[in-house]
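The values are calculated or read from the model by the stated rules, or taken from the named source; none is laboratory data. Worth saying up front: this structure is predicted, and the values here are computed from it rather than measured. Cβ coordinates were reconstructed from backbone atoms using ideal geometry, including for glycine residues, and neighbour counts include every protein chain displayed. We work out accessible area using only protein heavy atoms, side chains counted, and drop any ligands, DNA or RNA first. Shrake-Rupley method; radii C 1.70, N 1.55, O 1.52, S 1.80 Å.
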Amino acid sequence: MRFDPIPPDGQPAKPARGASKPRRRRRLALKRGHRLAIYWSVPILLVLAVGALAGVGLAAVIRVPKVESVADFEPGRITRLFDREREEFATYARERRVMLVEGEVPPLLEQAILAAEDANFLQHGGVDIQGVLRAVFKNLMQGRYAMGGSTITMQLARNLFLSPEKKWRRKIEEALLAVELEKRYSKQQIITLYCNLMFMGHGNYGMAAAARAYFDKDVPDLSLTEAATLAGIPQRPSAYSPYRRPDLVVNRRNYVLRRMQEEGFITAADYDVASRQPLEVVTHSEAIEKAPYFAEEIRKDLESRYGSKGLLEKGLQVHTTLDSVIQARAQEALRSGLLRLDHMRGYRGPIDTIESDDLEAVELPSWTRLDLRPGMWNQGVVLSATRSAARIRMGGETHELTPAGIRWTGKSSPRQLLRAGDVAWFRFEAGAEENGDPVLMLEQEPEIEGAVVVLESATGAVRAMVGGWDFDRSKFNRVTQARRQVGSAFKPFVFGAALEMGYTAADTLYDAPVAFPAIPGEPPYSPRNYYRKYYGITTLRRAIEESFNVSMVKLMDMIGAQQVIDFARRCGIESDLHPFPSLALGAVDLTPLEMAAAYAVFANQGLYVRPYLIESVSEPNGNLLEQHGLTAHKAMDPELAFVLAHTLEGVVDRGTAASANGIEAALAGKTGTTDDNSDAWFPGLTPRYSILVWVGHDVKKSIGRNMTGATAALPIWRELVAAGLEDGWIHPAEEFSPPPGIVFQEIEYATGMLAGLGAERTIREAFVAGTEPAQPFNPRWRRIMALPWYQQEAHYVPKAGERMPDGVVDWDPIIQSWSEDE
């Protein structure tokens, strides 16, 4: 049995000099001493009897586990997740443990443990009779439990085989087991097992795990004070917390140092220096984890296949597809983008307001993880607010918030926003002021959410995954779990299906009011363009680049909705798709990961590759449990995939994503916006990566007036791509390479005709060989294209099956439905 510990300073409590002891207190102490004498005498006699007289008989009465099983004992190991550079980024375990092997316990740590727990460890055979008698005497003298009598071997036996219950039977079993352990295992093996098994607080088991957690060191690198700190924790790990009670830990550490001096392990000078050292432990900031949504996705997968026990105890070594550089950039881009959108809505007010006459004495719970480095968010308490500045308290420090820190709110004075007692978020932003000090910024958590995923198109490897603003706020992973309407981002699948039917980017449609049959009892469906205008004769390229709704619905009607559905299925879209006209405009709920993988087909020569996160899983001994194998199929011909990607490059060059045109790299993509501006998308491509950004709320509501894919999602995508060019994981020289069977022709942009005399605006268009246009541009078409849309109809020859305005018999219900949509 482990008995109550000595006081933190290692010395028994002494009465003040001259203090009187009432007679009643003296009688109680004597009675307690008699009880302790009986309490301690019995186990001592029994242990002596076991060792000297009745070992065989007592062993027959008390069932003692076979200590041979220690050789096969393997405690729960930590499952570790590694990124593609083999850097650990997440762990899962019931017990956070790092195992040492025999010979790896450094002498300094071993000496600290012996001094703290069992000075006679190298001399006794498992039970230290001298130590037990010393403990009995000390406890009797103090009238309380002041010293335990368990050796290191007895503590190990208890941890390996016994329950923590405090009964004589368990104490006897503990002694017997300790003797057996000493017979079969060397002292070095026993001390190593002890260092691996002891609970060290905060979920850490073993000295190696504690060294990493508290000091960010391996055990060979521990200093004297650090070794003494760890050696003192096992006595009461819940009490000796370096984070909650550093004062107790320092006292306990100094006791261990004093015992090391008494045992001759260190000198008096060593003790004097070490005992004056402050407790310096690592502060683990939880503000931004490396890849929490990515790790959680893997955790769920591993648990479903290996079970909870396998995940938390088997020490799986999981090598993943994560690129930590790309992940960090994706997180930065999403957070800054969501913050920018939130700032546009203005300041909503404080998190809380504290009513107190002494705000200097207020302590916020979040201050246990305070991190005042630039960029880190911390909660602060407003002490005062004037026209020129506000005084903000964070932890034990007070900082000044100037008008520069609230500029985004549109206010010029801190007192317009804050008052004494307000609790709000703050962060430091480097630079900006004349003295070069970081500027304190007022902040607020965005109400809006977002998601970013980066796929390697050729392999399906997920290189980055950010499922929301903050994992602690919401563990809902919007990359894999959020099914949202994709809006115009679906239009490339309509265009791709048309390419398979023989259409080209240079073919034209007539963009004008038109109606499609609806279900009985409903008015005909008549789509309208985003800006409530029509464009007359238009090429399919222009319809994609400028995202014309009417043209895309007409195109799907002409080729058949089922053709579009089949094409999307081959691209990896597995969600439900319904053959309604609105499907052409993205009236379908998809996940961001689903969309990113489908777009990757366009950059991967028509090959769909299923996304994956895990490269391999192995056991701690290196035995391979699984290795990723590519899952892929042909979605379309390489020529069609290239024409699609080439057309989507025009969206960035001239269309709705033209704000990204200044980036010097081959880029393609498509903006997506849903009704009421509730969802904003930008799935985009580089020759190597499929990068998707989604912005919206978790419930369907507007993210703001004119918050389209181009204004809400594209800036985040653009920032991430720019960072990729800066870091080097996006290469400016890479191009979308045309496969054999592709020809290029110079065409007039507006009409899709071959560039000829008088063609002023031309582009280099890609065609599948044999589908390029034959009609040359005539200057008269410049005058025709300048006419209003309704006057262009006289010069247009409808395509087979193309619905035209004059096919509508009754416009009244359609006009009524338009007015209801306003």
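Per residue of segment 400-408, what does 6.51 cos²θ - 1.76 cosθ + 1.60 with θ = phi - 60° give for ³J(HN,Hα)? Whole Hz please, x for Gly and Pro, Karplus curve as stated.
With the stated coefficients, segment 400-408 comes to 9, 9, 9, x, 5, x, 10, 4, 5 Hz.
Which one, VAL550, PRO365, ILE784, projects farthest toward the positive side of the charge dipole computed for the chain from Cβ point charges (K/R +1, D/E -1)?
PRO365
Could you state the angle between the C-alpha long axis of helix 812-821 and the longest principal axis of the C-alpha atoms of the chain, as a value from 0 to 90 degrees rounded to the nearest 10?
30 degrees
Given the C-alpha centroids of segment 276-338 and segment 374-416, what is the distance between them in whole angstrom?
When both Cα centres are located, 32 Å separates them.
Can you give the % of DSSP beta bridges in the chain that are antiparallel, to the nearest 5?
Expressed as a percentage, antiparallel bridges in the chain total about 90.
Which whole-angstrom value gives the distance between the alpha carbon centres of segment 96-125 and segment 574-602?
61 Å
Can you grab the distance from the C-alpha centre of segment 635-656 to the C-alpha centre of segment 420-499, Å, no decimals?
Distance between centres, Cα-based: 26 Å.
As I understand it, the dipole of the chain uses +1 on the Cβ of Lys and Arg and -1 on the Cβ of Asp and Glu, about the Cα centre. Which of MET207, ILE763, HIS319 lies farthest toward its positive end?
Of the options given, the answer is MET207.
Let me check I've understood the local charge: for GLY741, count other residues with C-beta under 13 angstrom from its C-beta, Lys and Arg +1, Asp and Glu -1. What total comes out?
Numbers: positive: none; negative: ASP637, GLU639, GLU772.
My count for the surroundings of GLY741 gives -3.
Per-residue HN-Hα couplings for segment 537-542, Karplus 6.51 cos²θ - 1.76 cosθ + 1.60 at θ = phi - 60°, whole Hz, x for Gly and Pro?
For segment 537-542, the Karplus curve yields 5, 9, 7, 5, 4, 5 Hz.
Using just the C-alpha positions of segment 176-277 as equal point scatterers, what log10 of I(q)/I(0) does the Debye formula give at each q in 0.10, 0.18, 0.19 1/Å?
Evaluating at q = 0.10, 0.18, 0.19 Å⁻¹ gives log10 I(q)/I(0) of -0.30, -0.91, -0.99.
Would you mind checking segment 496-533 for residues with the amide N under 13 Å from a putative spin-label position 7 Å along Cα→C-beta of VAL797?
Residues passing the 13 Å test: 508.
Using every Cα-Cα pair within segment 534-619, state what percent have a distance larger than 20 Å. List each step's numbers first, then the result.
On the way: 1715 of 3655 pairs.
So the pairs more than 20 Å apart make up 47 percent of the total in segment 534-619.
Grab every C-alpha pair in segment 382-514, bin the distances at 5 angstrom width from 0 up to the longest one, and report whole percents.
2, 7, 11, 12, 10, 9, 9, 10, 8, 7, 6, 5, 4, 1, 0
Scan around SER678 for amide H atoms under 5 Å from its own, H built in the peptide plane at 1.01 Å from N, and keep only partners 5 or more places away or cross-chain.
Under 5 Å from the amide H of SER678: ILE703.
When the dipole is taken about the Cα centre of the chain, and only Lys, Arg (+1) and Asp, Glu (-1) are charged at their Cβ, what size is it in debye, to the nearest 20? List each step's numbers first, then the result.
Numbers: 95 positive and 104 negative charges, 1034 e Å.
Taking the Cα centre of the chain as origin, the dipole is about 4960 debye.
Please determine, in degrees from 0 to 90 and to the nearest 10, the orientation of helix 638-653 with respect to the longest principal axis defined by the Cα atoms of the chain, where the helix direction is its Cα long axis.
Taking the Cα atoms of the chain, the angle to 638-653 is about 90 degrees.
When we measure straight from the Cα of LYS183, which aspartates and glutamates land under 14 angstrom away, once same-chain ones fewer than 8 places off are left out?
GLU68
Which Rg and Dmax, in Å, describe the Cα atoms of the chain?
My reading of the Cα-based Rg and Dmax gives 36.5, 121 Å.
If you roll a 1.4 angstrom probe over the protein chains with everything in place, what fraction of the accessible area of the chain belongs to carbon and sulfur, to the nearest %? Can you show the working numbers first?
Working: 18840 of 37310 Å².
Heavy-atom surface of the chain belonging to carbon and sulfur, 1.4 Å probe: 50 percent.
Is it possible to state the helix-based mean residue ellipticity at 222 nm for the chain, with each DSSP H run of 4+ residues giving -39500 (n - 2.57), the sum divided by total residues, to the nearest 500 deg cm²/dmol? What is it?
Details: 23 runs with 284 residues, N = 822.
Value at 222 nm, helices only: -11000 deg cm²/dmol.
For ASP557, ASP358, what's the largest-to-smallest order of accessible area, 1.4 Å probe? Walk me through the numbers on the way to the answer.
Details: ASP557 60, ASP358 80 Å².
Accessible-area ranking of ASP557, ASP358, largest first: ASP358, ASP557.
Here are some pairs, LYS533/LYS701; LYS533/LYS799; LYS411/LYS670; which of them have Cα atoms lying more than 30 Å apart in this structure? Don't skip to the answer; put the middle values down first.
On the way: LYS533/LYS701 25 Å; LYS533/LYS799 22 Å; LYS411/LYS670 37 Å.
In this structure, LYS411/LYS670 lie more than 30 Å apart at Cα.
Report the relative contact order of segment 239-328, percent, no decimals, based on alpha-carbon pairs under 8 angstrom and at least 6 residues apart.
On the way: 34 pairs, mean separation 18.0, N = 90.
In percent, rounded to a whole number, it is 20.
In Å², and per residue, what accessible area does the chain have when probed at 1.4 Å with the other protein chains present?
45 Å²
Taking a spot 7 Å from the Cα of GLU400 along the direction of its beta carbon, which residues of segment 354-392 have an amide N less than 13 Å from it?
Answer for segment 354-392: 386-392.
Between the helical axis of 23-52 and the dominant principal axis of the chain, each derived from Cα atoms, what acute angle in degrees is found, rounded to the nearest 10?
Result, in degrees: 90.
As a test of the definition: which semi-axes, in Å, follow for segment 674-822 when you take the square root of five times each eigenvalue of its alpha carbon gyration tensor? Largest first, please. Don't skip to the end; give the middle numbers.
Numbers: eigenvalues 234, 194, 39 Å².
Sorted largest first and rounded, they come to 34, 31, 14 Å.
Apply the Karplus parameterisation 6.51 cos²θ - 1.76 cosθ + 1.60, with θ equal to phi minus 60°, to every residue of segment 523-534 and state each ³J(HN,Hα) to the nearest whole Hz, in sequence, with x for glycine and proline.
Result, rounded to whole Hz: x, x, 7, 10, x, 10, 6, 4, 8, 6, 9, 10.
Along the charge dipole of segment 578-690, Cβ charges K/R +1 and D/E -1, which of VAL651, GLN627, PHE682 sits furthest on the positive end?
VAL651
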